[in-house]
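The values are calculated or read from the model by the stated rules, or taken from the named source; none is laboratory data. If you're wondering where the values come from, they're calculated on a predicted model, not measured in any experiment. Methodologically, a virtual Cβ is constructed for each residue, glycine included, from the backbone with ideal geometry; neighbour enumeration extends over all protein chains shown.
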Amino acid sequence: MAKADRDWAQLDAFEAEYGDRLKDEKRSRGGSGNSHYLNFLQLLADGVETFYADEVKGRDDATRRLFTLRGKIFSLREKVGASLPEDEGPLLPVEREYVRKAAIAKKEKKRRVKLLADPAPPGYAYPVTFEDIRAVLAELPEEHVATVREIRLSHQRRTGADADWLEGEIRLHCLAEVIANAKGEPVAYRRAMMRAEGGQDVERFGGEFEWIDGKLYARWPAAEYRTFVLRRVLIHEVAHGVAELPGYAEKVRSVGSLERFCEQYAENFYRPPGKSVRLGF
């Protein structure tokens, strides 16, 4: 018999013996809840750190034999190339009937994007909430959102950019002057336009321009500014992270530049009505 065949035969024998010993363990202890070893398997299924495994091994001969057999099975599985797939959890197939099935199906928690907001000075506010941001991110593929680590509503002085991307961090420069109704509710937002800033998206997304004391401002109805920040500015910045994913370098090259890729990504996500308007400063 070839060595590989002997290894497989030994693995089969060990797994059969291990299965019989698990049955004996459950029967002799009067149920899984009374067995230190089966409780250990339950903790494995629940994803709990089994830091006291060495202590459990020393409880009695039957428990030590179970631990020894389990170790031999994993060693042989690795040797013959039959390691457990990562997505099936830490348990051997024969062990799964001895733990609660709900625990086996336990899913890994999604990593949440950290959301922060700088304090807003009197008379100013952000047009979006953390809940708004989470809702829009939920519309994107998970692998795209996974490129984002943090989003900050920033009160940084406007420099002509609606937002910045820096290695997984997004800063939304959307702080604006509040125009409220008699009840104090925001009905519109107004922000100064910088000389170097393009205004092509203002009218596309429902805003308009106005001059006050020789300065140009963009004035937005509250709902339209919220849409602009969430569905154009935020999505554009997420696209910076998407562009760094494997397989996207060629897509960026094909459209001519990273910024153009991000604009197209945002345009594909949400296309507002109307034509693009360019300012002739």
Inter-residue pairs, beta-carbon under 7 Å, first closer than 14 Å to Tyr189 by Cβ and in region 200-222, second part of a loop (DSSP other than H, G, I, E, B) and at pLDDT 85 or above, 6+ apart: Ala222/Pro127
Of residues in region 146-172 being over 24 Å from Ala223 (Cβ atoms) and aliphatic (A, V, I, L, M), the one surrounded by the fewest Cβ atoms within 10 Å (Cβ to Cβ): Leu166
Selected residue (only one of Glu177, Glu143 is surrounded by fewer than 19 Cβ atoms within 10 Å (Cβ to Cβ), within 14 Å of Ala239 (Cβ to Cβ) and not small (Gly, Ala, Ser)): Glu143
Any hit, region 105-113, residues being in a loop (DSSP other than H, G, I, E, B), closer than 30 Å to Asp7 by Cβ and either of a type in the set (Val, Ile, Thr) or modelled with pLDDT of 90 or more (or both): no
Failed item, numbered, when Ser83 is tested on (1) at pLDDT below 90; (2) under 23 Å from Tyr189 (Cβ atoms); (3) small (Gly, Ala, Ser): (2)
Residue list for region 48-76, filter: at pLDDT 55 or above and hydrophobic (A, V, I, L, M, F, W, C): Val48, Ala62, Leu66, Phe67, Leu69, Ile73, Phe74, Leu76
Filter result for Arg253 (closer than 28 Å to Tyr126 by Cα and surrounded by fewer than 22 Cβ atoms within 10 Å (Cβ to Cβ)): no
Residue in region 153-161 that is of a type in the set (A, V, I, L, M, F, W, C) and in contact (Cβ under 8 Å) with a residue 60 or more places away in the chain present: no
Answer residue from region 6-27, given it is touching a residue at least 12 places away in the same chain (Cβ under 8 Å) and charged (D, E, K, R) and is farthest from Arg64 (Cα to Cα) among those: Asp7
